[in-house]
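Sharing a structure here in structure tokens format.
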Amino acid sequence: MGTWARLKRSIRAMFGGLVEKTEDPELILQQTIRDMRDRVPELNNSVAQVMATEKLLAKNKERLEGQVVELDSKIKASVKLGRDDIATAYIGQLQQAQLDLQRTGQQLDHATNASKQALKARDNYVLQMQRRTAEAMQLINQSKQAKLQEQLAQTMESFQLGDDASSFGEMRDKIDRRSAAAEAKMQLGTSNVDTQMQEIEREATDMQLQDKLLDYKREMGLLPGSTTKQVGALPAAREESASEQ
């Protein structure tokens, strides 16, 4: 490979990548659709010209056919009148008209075929344009979706999940330490000497109340082995004790 060929290859490799990066698929597809639509009026104009040629040849053929009929009648009339000279002149014109009619007929056949082909080509182009447009719109939507996915990927890349995760972990540890400290204080509060003394005093009070309750039940004879006499003697004993005091 020569030096110039290698240089061209290097230039294409370098600038081709740059061009590919700067190309926007959506813009290119939209421009392609516009270009295809812009060709339709030009194509219709070309088809119209072909069809106009066909119509012009058809009219010319019709005129020549009328001319042939007219010259034939004139030739017959001249022969009847004995005017061979005039009949000969008309025959010359008739031959020329018939030749023109034959050529015009051939041209008309070609023009008719050309019109049909032009219309068919125009219809195929429009159909292809519609298909391409639908495909381009689908590709444009796909390109937009790809852009959204790229933006989401970039956002996820810029989103530092590790920092947030460490913050959550740090706050969780801090809250756990506070909860543990509170539980320890509660345990210390319930296990100190003052609390134990309060519990003993509360139990002693409950025992005194239970004893009073038993005394009442004995006085009322509700306990087994107790008698009403004993119940009545108890208040007297209490009164004697009170008087001695």
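Here is a list: LEU71, LEU64, LEU94. Which entry is over 30 Å from GLN31 (Cα atoms) and in contact with a Gly (Cβ under 9 Å, 6 or more places away or on another chain)?
Residue meeting the stated conditions: LEU64.
Criterion first (under 30 Å from SER143 (Cα atoms) and either surrounded by 13 or more Cβ atoms within 10 Å (Cβ to Cβ) or among the aromatic types (Phe, Trp, Tyr) (or both)) does TYR125 satisfy it?
When the stated conditions are applied, TYR125 passes them.
Oh, and also: Only one of LEU139, LEU152 is within 30 Å of LEU27 (Cβ to Cβ), aliphatic (A, V, I, L, M), modelled with pLDDT of 80 or more and within 60 Å of the chain's Cα centre (by Cα); which? Working first, answer last.
On the way: LEU152 fails: modelled with pLDDT of 80 or more.
The conditions single out LEU139.
Here's another thing I want to ask about it. So for the stretch 95-116 (the condition being small (Gly, Ala, Ser), assigned to a helix (DSSP H, G or I) and exposed (fewer than 13 other Cβ atoms within 10 Å of the Cβ)), does at least one residue qualify?
No, that holds for no residue.
Give all pairs with beta carbons closer than 6 Å in which a residue from the stretch 86-113 that is in contact (Cβ under 8 Å) with a residue 60 or more places away in the chain and closer than 15 Å to LYS59 by Cβ meets a residue that is of a type in the set (Ser, Thr, Tyr) and part of a helix (DSSP H, G or I); count only pairs at least 6 apart in sequence or on separate chains.
If the second residue must be of a type in the set (Ser, Thr, Tyr) and part of a helix (DSSP H, G or I), the pairs left are ALA111/THR53.
The values are calculated or read from the model by the stated rules, or taken from the named source; none is laboratory data. The shown structure was predicted, so the numbers you read here are calculated from the model rather than taken from an experiment. So basically every Cβ, Gly included, is an ideal-geometry build from the backbone, and we count neighbours across all protein chains shown.
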